[in-house]
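> The structure that follows is given in the form of structure tokens.
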């Protein structure tokens, strides 16, 4: 099931056949240092994927995780998520397999994910947390409609995170900005 798309990407539900690509991403130390902190073993990745797939049957799952797929070749390239976090905020996040970094997919996905959450899901507001070491994601947030809110010390990463937010009442997204185009 496709939830939304952008010029080059489809955002859809995860499937069992995503396992190998999902595991490759989750087992990559460079990718995981910005998300879970460390590479994850196959058994944990299998269980996580199974849990995400099972969550689609729930009416109101606490966390929604979807696959990011390239339209051109149907290749799984990452995940994006919407979660109600501990602070009761609507938090968005995304993760790409390292081989797809530097192609503009992050900017394209972030724009559409923000638009999907605010315009289509009608959420009042959303937030994103980015570790201060993730320079690429900071640039993406700064180019988006998300506004820098504050610096926070992260106990999970033992580092500083930057909090960004956007509100339905403050922003209206009309089209994909030029930096997201091919």
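> Over region 2-180, what per residue volume does the convex hull of the Cα atoms give, in whole Å³?
Per residue, the Cα convex hull of region 2-180 comes to 117 Å³.
> Let me ask something else. Using a Gaussian network model on the chain with a 10 Å cutoff between Cα atoms, which of 139, 57, 15 fluctuates the most?
Among 139, 57, 15, the largest mean-square fluctuation in the Gaussian network model of the chain belongs to 57.
> Given a Förster distance of 35 angstrom, what is the FRET efficiency for residue 150 paired with residue 56, based on the Cβ-Cβ distance and rounded to 0.05? Don't skip to the end; give the middle numbers.
Working: r = 34 Å, r/R0 = 0.96.
E(calc), rounded to 0.05, equals 0.55.
> Just from the alpha-carbon atoms, what are the Rg and Dmax of region 1-86 in angstroms?
So, for region 1-86, Rg and Dmax equal 12.9, 37 Å respectively.
> Order by neighbour count: 4, 22, fewest other Cβ atoms within 10 Å first, most last. Kindly include the intermediate steps, with their values, before the conclusion.
Values: 4 18, 22 25.
Arranged by neighbour count, lowest to highest, 4, 22 become 4, 22.
> Put a dot 7 Å past each Cα toward the Cβ at residue 24 and residue 133; how far apart are the dots in nm?
The two pseudo-label positions are separated by 2.4 nm.
> Would you mind computing, in nm to one decimal, how far apart the modelled labels at residue 72 and residue 46 are, each placed 7 Å from Cα along Cα→Cβ?
3.4 nm
Since every read-out is calculated from the coordinates, none of them should be taken as a lab result. Since this is a predicted model, take the numbers as computed values, not measurements. Using ideal geometry, Cβ is built from the backbone for each residue, glycine included, and neighbour counts are taken over all protein chains shown.
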